[in-house]
Amino acid sequence: MDKYDPARDVTPAFVDRVTDWFERADEVLVILRYLRAAGAKDFAFCRTRSEVEALIESVPIGTDIEVFRDRQLPIRGVVDETFIRTAFDSFPDGEEYLLMTIETELGSRISRFARIDCSQKELHELLSELIGAEVALGRCPDFNVADHDGLVSAAKGGIDGPR
């Protein structure tokens, strides 16, 4: 059952903490998990406080907002045959990865395309469809854990329920 939890609400202190992380890295990875959307997630890179604030403003009440302090998805570039070989060398079959485009949805920080998977076959198919696109790829960060030094989360509106 969904409930209001003031300790989970997005606060100025939450935004301040995320903003402080820009001193350590040039970006943060934000994972948006939607209440009642059967596991639906969106992904975004934010580089400024105003981008973080705009992202928070744009999501519906109940969205779980998870932010990673350290730079994530280190394999970056435009997808070509060399990039695909690097990806294959980096992720053996069965190792979970996150692939997302740098290109965002119109008027948003949310990646136009993102996928979590663990299959080399699927990785090859995805990258083949993204030839020429700029992407970020890396081990899927663990967002199913409690907050810690490198991860902070809040639920917009303090609505804390099943995701």
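The values are calculated or read from the model by the stated rules, or taken from the named source; none is laboratory data. Worth saying up front: this structure is predicted, and the values here are computed from it rather than measured. All Cβ positions, even for glycine, are placed from backbone atoms using ideal geometry, and neighbour counts span all protein chains on display. What goes into the accessible areas is simple: the full protein's heavy atoms, side chains included, and nothing from ligands, DNA or RNA. Shrake-Rupley method; radii C 1.70, N 1.55, O 1.52, S 1.80 Å.
Summary of values
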{"quantity": "Relative contact order for the chain, counting Cα pairs under 8 Å that sit 6 or more residues apart, in percent", "calculated": "37"}
{"quantity": "The chain, accessible area per residue, ligands and nucleic acids excluded (1.4 Å, Å²)", "calculated": "51"}
{"quantity": "Percent carbon-and-sulfur accessible area, the chain, ignoring ligands, DNA and RNA, probe 1.4 Å", "calculated": "51"}
{"quantity": "Loop-located GluC sites (Glu not before Pro) in segment 72-163, at most 14 other Cβ atoms within 10 Å (DSSP)", "calculated": "Glu95, Glu96, Glu103, Glu105"}
{"quantity": "Two-site label geometry, Ser119 and Ala133: point separation in nm, points 7 Å out along Cα→Cβ", "calculated": "1.7"}
{"quantity": "Under Karplus coefficients 6.51, -1.76 and 1.60, residue-wise ³J(HN,Hα) of segment 77-90 in Hz, glycine/proline x", "calculated": "x, 8, 5, 8, 4, 5, 4, 4, 4, 4, 4, 5, 5, 8"}
{"quantity": "CD proxy at 222 nm, helix term only [per DSSP H run n ≥ 4: -39500 (n - 2.57); per residue of the chain; nearest 500]", "calculated": "-7000 deg cm²/dmol"}
